[in-house]
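In what follows, a structure is listed as structure tokens, so that the remarks can point back to it.
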Amino acid sequence: MLLQTKYFGQLDCPAEQALHFPKGLFGFEEEKRFFLLPFEGGDGSLLCFQSADTPALAFVAVNPFFLKGDYAPVLPAEE
């Protein structure tokens with residue numbers, strides 16, 4: 001699928017790589033599909049959490065495994 005992004009322009013991203021959040025994100029309940037895109041030159045440590053439906057909506061995220069290799073959060077089943 002063609003994805004218009006905030007930081008990278010237009011990209012062709014496989015639709016099956018979209019992350020789906022049935023209830024949306026806290027504060028962004030209407031936003032249900034995102035792509036996790038690496039920033040160039042970031043060695044995978046900095047990532048862009050890009051909305052699939054709203055090109056201007058993108059969050060910069062840090063890969064937790066880059067900071068702590070044994071990162072293993074425990075989440076409730078509903079999370």
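The values are calculated or read from the model by the stated rules, or taken from the named source; none is laboratory data. All values reported here derive from a predicted model rather than from experimental measurement. Backbone-built Cβ (ideal geometry, glycine too); neighbour counts: all protein chains shown. Please note that ligands, DNA and RNA were not included when accessible areas were found on the heavy atoms of the full protein model with its side chains. Shrake-Rupley method; radii C 1.70, N 1.55, O 1.52, S 1.80 Å.
You can think of it this way: the chain between Ala56 and Val74 has 3.3 nm of extra reach, that is 0.36 nm per residue less the Cα-Cα gap.
Averaged over its residues, the range 1-73 has an accessible area of 68 Å² per residue, based on protein heavy atoms and a 1.4 Å probe.
Compute the projected area of the convex hull of the Cα atoms of the range 1-68, averaged over all viewing directions, and report it in nm² to one decimal place.
Details: hull surface 19.7 nm².
The orientation-averaged projected area of the Cα hull of the range 1-68 comes to 4.9 nm².
Here's the list of lysines a cross-link from Lys6 could span, going by alpha-carbon distance under 25 Å and ignoring same-chain residues fewer than 8 apart: Lys23, Lys32. The 3J(HN,Hα) values that the Karplus relation (6.51, -1.76, 1.60; θ = phi - 60°) gives for the range 15-32 are, in residue order, 4, 5, 8, 5, 8, 10, 10, x, 9, x, 9, 4, x, 9, 4, 7, 8, 10 Hz. Gly and Pro appear as x.
Amide H contacts under 5 Å for Leu3: Leu11, Asp12, Cys13, restricted to partners 5 or more places along the chain or on a different chain, H placed in the peptide plane at 1.01 Å from N.
For the chain, give the magnitude of the charge dipole about the Cα centre (Cβ charges: +1 Lys/Arg, -1 Asp/Glu; no others), in debye to the nearest 20. Don't skip to the answer; put the middle values down first.
Details: 5 positive and 11 negative charges, 20 e Å.
With only Lys, Arg, Asp and Glu charged at Cβ, the dipole is about 100 debye.
For Glu31, the residues 5 or more places off, or on other chains, whose built amide H falls under 5 Å of its own are Leu25. Taking each DSSP H run with n ≥ 4 as -39500 (n - 2.57) and averaging over every residue of the chain yields -500 deg cm²/dmol at 222 nm.
Averaging 1/r over every pair of different alpha carbons in the range 40-79 and inverting the result gives a Kirkwood radius of 12.2 Å. Amide H to amide H distances under 5 Å link Leu57 with Ser51, where only residues 5 or more positions off or on other chains count and H is placed in the peptide plane.
Our coupling estimate for the range 64-79, obtained by passing each phi through the Karplus curve with A = 6.51, B = -1.76, C = 1.60 and θ = phi - 60°, is x, 6, 5, 8, 8, x, 9, 4, 8, x, 10, 10, x, 4, 5, 7 Hz, Gly and Pro reported as x.
If I compute solvent accessible area with a 1.4 Å probe over the protein chains, what percent of it on the chain is carbon and sulfur? C and S fraction of accessible area: 60 percent.
If you put +1 on each Lys and Arg Cβ and -1 on each Asp and Glu Cβ, how big is the dipole of the range 1-42 around its Cα centre, in Debye rounded to 20?
Details: 4 positive and 6 negative charges, 18 e Å.
Charge dipole, the range 1-42, about its Cα centre: 80 debye, nearest 20.
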